[in-house]
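Only one structure is covered here, and it is reproduced in the block below.
Derivation of every value follows stated rules applied to the coordinates shown; laboratory data play no part. This is a predicted model, so every value here is computed, not measured. Please note: Cβ atoms are built from the backbone with ideal geometry, for glycine as well, and neighbour counts cover all protein chains shown.
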Amino acid sequence: MMRMRGPATDLPIILEDVTIVAGDMAILDRLTLTLATGAPTMLVGPNGAGKSTLLRVAMGLMTPASGRITWGGRANSPPLRRAIVFQRPAMLRRSAAANLLYALSAAGVPHAKRGAHVAELLDLVGLAGLSERPARRMSGGEQQRLALARALAREPEILFLDEPTASLDPAATKALEDVIRAVAARGIKVVMATHDLGEARRLAGEIVLMHRGHIVEIGGADTFFTAPRTDEARRFAAGELLI
Amino acid sequence: MSTDASALQLVLSGDPALIAIVRLSLIVSLSAVLFAAIIGVPLGALIALTRFRGRDGVIVLLNALMGLPPVVVGLTIYLLLSRSGPLGAWGLLFTPQAMVIAQAVLVTPIIAALARQTVEDLWVEYQDELAAMNVGPLGRVATLIWDGRFSLLTALLAGFGRAAAEVGAVIIVGGNIDGFTRTMTTAIALETSKGDLPLAIGLGMVLIAIVVVINALAWTARRAGERYAG
């Protein structure tokens, strides 16, 4: 149903000299980055590096204080083909299925097709048996998976994920990573913040190391870990603490 | 003891005068809450979702108006509706309609203030998700009101409790006319001063029963909300 909106694509997303300030602190400091079709991009770096802010800006939820951002060449693009899973997703006070119905309706999916989509999405994220469970009564891992399904309901071409596995145990993390891999295999561009290096290695693609609002290094997963070019990347890849 | 007994008898035997009074009270207060909800819920949502100069002042005023003295509301509506008042031509003074207006004025701030709080709390939580789902302004309001429905229902019941229990406003604009504008509270006031205690006590029992039922409903709504919405 997205094709009805025409062939306009949001990709590539290009950020040029984007600066975001909070008070007198630069959260993003003249940051330049291109997000294009391809394997998952993993944003890594310590807390406060600006990963979440970068995701929000690329999603179009924050306006930079200075700099430029374009989606498929357009400076102004509503989030029709972009979706995001926040670090702490807000669950609507409805059942799991109703959360997905809501997202499908917001995405403009015709009424008659929503039911089948809901079943499909719940199945994809492994929540098929929990469709009538109130979303806010679900466990943290289940909520993350429901939030992922809700984001996928928009049939995005690019999906932003903000540390979706941060508070999950290994089994739940694996379940979520499997879904993310399946999503990427369908051709959806995944951009994911994490501070788990192992996770970055498992899912990348491309690694973007951020530190203090800057991008320190960008590289393929293979070269980033084996042949880092910068001192920060070397230390980060070796598991040292970047402060 | 004998007055208590005859009061109970009045209630249980379904005394027609008593039933007429209870019926009018319910109609007036329920209508008032209906109108107050139609105005108060959107008003509360509007204040919750907009930012304007003096907003804090409006919120403080709205919260203060929750404690509006019924007699002052009664007096104000009386002045507006009296023959020489600006709305005197409507001829509404000393009618049940006037009582509905007065109680609606009394209850609207309660519903608006509680609705604002409910909608604003939800908005803080939902803001990013709704923006990410590209939900427009009307869709946002509808979502927040629907997801806040259990809290909003509690607000309506609080408004109804206030309306049903007040005497100051309805006695001034209604005039406590027998068989026409006499409600439970005005009847209790009158019958007590006349010394007809059985009717006063009987009405008092009914009124308390209604208040208990309202609170039970409010409690049930909250529990249902917690169970269903988490």
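Which number do you get for Rg(Cα) / (2.2 N^0.38 Å) in the protein assembly as shown? Could the numbers behind the result be given before it?
Numbers: Rg = 30.3 Å, N = 473, 2.2 N^0.38 = 22.8 Å.
Output field value: 1.32.
State to the nearest 20 debye the size of the charge dipole of the protein assembly as shown about its Cα centre, where the only charges are +1 on K and R beta carbons and -1 on D and E beta carbons.
On the way: 44 positive and 38 negative charges, 172 e Å.
For the protein assembly as shown, the charge dipole is close to 820 debye.
Okay, helix-only estimate at 222 nm for chain B: each DSSP H run of n ≥ 4 adds -39500 (n - 2.57), divide by all residues, round to 500 deg cm²/dmol; what do you get?
Values: 10 runs with 184 residues, N = 230.
My calculation for chain B gives -27000 deg cm²/dmol from helical runs alone.
Classify chain B: rounded, prolate or oblate, from the alpha-carbon gyration tensor (a ≥ b ≥ c, eigenvalue square roots; a/c under 1.5 rounded; otherwise prolate if a/b is larger than b/c)? Show your work: numbers first, answer last.
Numbers: a/c = 2.97, a/b = 1.63, b/c = 1.82.
Here chain B falls in the oblate category.
Pick out, from A:140, A:219, A:27, the residue whose Cα sits farthest towards the positive end of the charge dipole of chain A, with +1 on the Cβ of Lys and Arg and -1 on the Cβ of Asp and Glu.
Going by the charge dipole, the pick is A:140.
At 20 Å minimum axial length over the Cα atoms and a Kyte-Doolittle cut of 0.5, report the qualifying DSSP H helices in chain B, or say none.
Values: long enough: B:16-49 (49 Å, 2.31); B:96-132 (49 Å, 0.63); B:149-165 (24 Å, 1.09); B:197-229 (47 Å, 1.28).
Helices passing the filter in chain B: B:16-49, B:96-132, B:149-165, B:197-229.
Take each of the peptides A:183-196, B:75-88, average the number of other beta-carbon atoms within 10 Å over its residues, and list them starting from the highest.
On the way: A:183-196: 18.6, B:75-88: 15.7.
Per-residue Cβ counts within 10 Å, averaged per peptide and sorted highest first, yield A:183-196, B:75-88.
In whole Å, how far is the Cα centre of the range B:54-94 from that of the range A:1-78?
Each part's Cα centre sits 52 Å from the other's.
Can you give the average number of partner chain beta-carbon atoms within 10 Å of each beta-carbon in peptide A:105-117, as a whole number? Intermediate values should be presented prior to the final figure.
Numbers: counts 3, 9, 2, 1, 0, 0, 0, 0, 0, 0, 0, 0, 0.
Partner Cβ neighbours, averaged per residue: 1.
Suppose every Lys and Arg Cβ carries +1 and every Asp and Glu Cβ carries -1, with no other charges. What dipole size does the range B:100-230 come out with about its Cα centre, to the nearest 20 debye? It would help to have the intermediate numbers written out before the result.
On the way: 9 positive and 11 negative charges, 47 e Å.
My answer is approximately 220 debye.
Set Lys and Arg Cβ to +1 and Asp and Glu Cβ to -1, take the dipole of the range B:13-229 about its Cα centre, and tell me which of B:173, B:198, B:81 lies farthest positive.
Most positive-ward Cα: B:81.
Give the separation of the Cα centroids, the range A:117-187 to the range B:122-153, in Å.
About 22 Å separates the Cα centre of the range A:117-187 from the one of the range B:122-153.
As a test, work out the antiparallel percent of DSSP beta bridges whose residues both lie in the protein assembly as shown, rounded to the nearest 5. Mind showing how you got there, number by number?
On the way: 20 of 36 bridges.
So the antiparallel bridges amount to about 55 percent of the total.
With +1 assigned to the C-beta of every Lys and Arg and -1 to the C-beta of every Asp and Glu, and no other charges, what is the dipole magnitude of chain B about the Cα centre in debye, to the nearest 20? Display every interim value, and only then the final one.
Numbers: 14 positive and 14 negative charges, 75 e Å.
Around 360 debye, computed over chain B.
Let me check against my output: what whole-number percent is the relative contact order of chain A, with C-alpha pairs under 8 Å and at least 6 apart? All intermediate terms of the calculation are to be shown ahead of the outcome.
Values: 449 pairs, mean separation 66.0, N = 243.
Across chain A, relative contact order equals 27 percent.
Could you grab the relative contact order for the range B:79-153? Cα pairs under 8 Å, six or more apart, rounded to a whole percent. It would help to have the intermediate numbers written out before the result.
Working: 32 pairs, mean separation 16.6, N = 75.
Relative contact order comes out at 22 percent.
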